[in-house]
Amino acid sequence: ALKIATIGGGSSYTPELIEGYIKRKDELPIKEIWLVDIEAGKEKLETVGAMAKRMVKAAGLDWEVHLTLDRRAALKDADFVSTQFRVGLLDARIKDERIPLSHGVLGQETNGAGGMFKAFRTIPVILGIIEDMKELCPDAWLVNFTNPAGMVTEAAIKHGGWKKTAGLCNVPIGHRKQAAEKLGIPEDDLFFKFAGINHFHWHRVWDKQGNERTQELIDLIYGPQEDSESHLKNIHNAPFHYEQIKDLGMLPCGYHRYYYIEDEMLKHSIEEFEKGETRAQVVKETEARLFELYKDPNLDYKPKELEQRGGTHYSDAACELIASIHNDKRTDMVVSTENNGTITDLPYDCVVEVSGPVTAHGHEPYNWGAFPPAARGIIQVMKGMEETVIRAAIEGNYGAALHAFTINPLVPGGSMAKTLLDELLIAHKEHLPNF
Ligand code: NAD
Ligand code: G6P
Ligand code: MN
């Protein structure tokens, strides 16, 4: 019987997770689900936790759902530990996004200055969780959803030494569904190969007859006649430059908009900033509405409104990965995992986000090889930036942090990098014990 612990259990995404377990009840012999949070999230935990209990009951299951602020009790003898916490909650994200924008720079909570600060706040916490896991559940799998998922996963594997870590994101799932829909071919009849790093990956697609369909999809999704459809609720739907994507020969992920059409994205973000409607601010309102719904003692299923969050299909990643490990299902998934030569342009010991089957012993990535020159340089820059962020987070190293800011393509270098860094360090002081 399985014990699953979820850190950040008070998240409004928890019903998504519970629904995913219920869908897989025949393959997941769950006995206990432990939802853990901290004092600041106590009320959210109680509300969404009660909702989780109702969902389990309505499904006729006898799973125990425990709500606790005691992380050690939750981790004790756990088989799987999933993480979906946000250090500093949404108020910290508002600062991540707004402070850079107040200087005319993209904040972006996973890729930009905001994302680097989310990493600074989160990495010490994930390493603390791993210390507890070494003592309390040495055989458990760590399923990380906490953003920036790539950097947090790399910190867990490379610096925490927790090899049984899988980093997950819902973006690839959306791209798979989008391709299936555009081609009119069931998803299971297509073969996908993703490679890159979290929120910065590309993919190629083949059909059952062995024909590559990537170029056709580029035309269907990003062609001149199309309006460059984004399936991501959290990303402004600005069109890519068709000729550029066509030349690339791979499908970009939604987050590539921040790089390929940075000025468009910045312009839109500044407009949101001026209206007091940055994504974090919008999400804060959505979250409040969701928790009002969750308070309804008759609500015992995931409400439709949760689809307004960017993380839809989250459970198709988390719960499926757990089911695939537990049953050695070998589901083909996109996971942030140790590179080990999968992408030859990047170091062996870094974490990459790539396709492959999930076995009982973890993810086995398909070989990708090298990127074309148009993608090679930028991915190496991005990985170097990530490695520098992680080092800065662990050492509390100001110089390294400044270096990371300078390397990050979304942050201008020089005095602007320093101004932003200094202002964010002050704003987030209480959550940055290492600095
Ligand atoms: P949220 O603001 O609701 O935070 C979730 C919970 O974490 C809160 O209840 C909070 O109290 C708790 N928390 C904060 N610090 C904690 C700590 N030290 N220990 C335990 N719990 C702690 O966040 P959210 O918007 O629901 O998102 C949750 C997380 O999942 C974020 O990190 C977000 O970036 C991530 N996310 C990732 C993906 C993905 O694709 N990987 C998708 C969606 C969300
Ligand atoms: C996408 C990304 C997540 C990110 C989310 C933001 O789903 O994959 O990593 O956390 O969007 O959504 P939000 O609703 O919080 O803006
Ligand atoms: Mn993601």
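The values are calculated or read from the model by the stated rules, or taken from the named source; none is laboratory data. Predicted model only: the values in this text are computed from it and were never measured. Methodologically, a virtual Cβ is constructed for each residue, glycine included, from the backbone with ideal geometry; neighbour enumeration extends over all protein chains shown.
Values for this structure:
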| item | result |
| --- | --- |
| Cβ-Cβ under 7 Å pairs, at least 6 apart or on other chains, the range 48-62 side closer than 9 Å to Tyr294 by Cα, far side of a type in the set (A, V, I, L, M, F, W, C) and in a loop (DSSP other than H, G, I, E, B) | Met51/Leu299 |
| Residue under evaluation Phe191, criteria (1) surrounded by 23 or more Cβ atoms within 10 Å (Cβ to Cβ); (2) away from ligand 1 (no atom under 16 Å from the Cβ), criterion not met | (1) |
| Matching entry among Ala166, Ala180, Ala140, Ala156 (being away from ligand 1 (no atom under 14 Å from the Cβ), at pLDDT 95 or above and either crowded, with 24+ Cβ neighbours inside 10 Å or over 21 Å from Ser82 (Cα atoms) (or both)) | Ala180 |
| Exclusive hit being under 18 Å from Gly254 (Cβ atoms) and either touching a helix residue (DSSP H, G or I) at 6+ places or on another chain (Cβ under 9 Å) or of a type outside the set (S, T, N, Q) (or both), set Glu131, Glu109, Glu135 | Glu109 |
| Filter pass, Ile38 being in contact (Cβ under 8 Å) with a residue 60 or more places away in the chain and out of contact with any Phe, Trp or Tyr (no Cβ under 7 Å at 6 or more places or on another chain) | no |
| Pair list, Cβ < 6 Å and 6+ apart or interchain, from the range 323-339 residues that are under 26 Å from Lys31 (Cα atoms) to residues that are part of a helix (DSSP H, G or I) | Thr331/Glu320; Thr331/Ser324 |
| Long-range neighbours under 6 Å by Cβ, at least six apart or interchain, first residue farther than 26 Å from Thr312 by Cα within the range 225-251, second β-branched (Val, Ile, Thr) and at pLDDT below 85 | none |
| Residue satisfying all of: in the range 67-100; β-branched (Val, Ile, Thr) and closer than 19 Å to Pro15 by Cβ; farthest from the chain's Cα centre (by Cα) among these | Thr68 |
| Residues satisfying the stated conditions in the range 148-167, i.e. more than 13 Å from ligand 2 (Cβ to nearest atom) and either assigned to a helix (DSSP H, G or I) or over 18 Å from Gly20 (Cβ atoms) (or both) | Glu154, Ala155, Ala156, Ile157, Lys158, His159, Gly160, Gly161, Trp162, Lys163, Lys164, Thr165 |
| Failed condition for Val65, given (1) in a strand (DSSP E or B); (2) out of contact with any strand residue (DSSP E or B) (no Cβ under 9 Å at 6 or more places or on another chain) | (2) |
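One line per residue, one yes/no per condition, for (1) without any contact (Cβ under 8 Å) to a residue 40 or more places away in the chain; (2) closer than 21 Å to Trp368 by Cα; (3) not in a loop (DSSP other than H, G, I, E, B):
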{"site": "Glu135", "(1), (2), (3)": "yes, no, yes"}
{"site": "Thr146", "(1), (2), (3)": "no, no, no"}
{"site": "Cys169", "(1), (2), (3)": "no, yes, no"}
{"site": "Gly196", "(1), (2), (3)": "no, yes, yes"}
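Listed here are the residues, each with its yes/no results for (1) part of a helix (DSSP H, G or I); (2) more than 21 Å from Val205 (Cβ to Cβ).
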position	(1), (2)
Tyr301	no, yes
Gly311	no, yes
Tyr366	no, no
Thr388	yes, yes
Ala400	yes, yes
